[in-house]
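Any read-out appearing in this document is the output of simple, stated calculations on the displayed coordinates, not a laboratory observation. Note that the structure is a prediction, hence the values are computed from the model and not measured. Counting neighbours? That spans all protein chains shown, and the Cβs are built from the backbone with ideal geometry, glycine included.
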Amino acid sequence: MTNGSDTIIQRRIRVVENPDKILVTNNLFFYSNKKFSEEIFEVLLATKYFKIERIISQGQYTPDGVWLEQDMHEWVILVKGAAKLSFKDSSEVIEMNPGDYILIPANTKHRVEWTDPNMTSYWLAIHYNQELKD
């Protein structure tokens, strides 16, 4: 997988077959150890209702003056590393550490202010387009 630069993510995928199902296994933390200039986004599973995505960061952040905005809700957990997020309608900067998660409603302007340049940060994001239920 490439992310727009010359970085190639090496895959360590194992497919296990039996008469009832096909299992695909991999490891969330597996990637080539090369440094990369852009965040890496890899879709792990997608349907018409949701998408599960792995994001890998090494010091990347949203450029100044740019706000991210998506059509789908995004529930994201920082599995490893450190990061800071901000939202256009708030002056608060949210610090993210391993295990921290946040729900970003659809069409909410937000940005990644910082990811730790000294370690690789791993995110797991679930994007979905259905209404939230209590």
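Tabulated results
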quantity: Burial ranking of peptide ranges 69-75, 123-129 (average Cβ count within 10 Å, highest at the top); calculated: 123-129, 69-75
quantity: Globularity ratio of region 38-128, using Cα Rg and 2.2 N^0.38 Å; calculated: 1.02
quantity: Order of Y61, Y101, Y31, Y49 under a 10 Å beta carbon neighbour criterion, fewest first; calculated: Y49, Y101, Y61, Y31
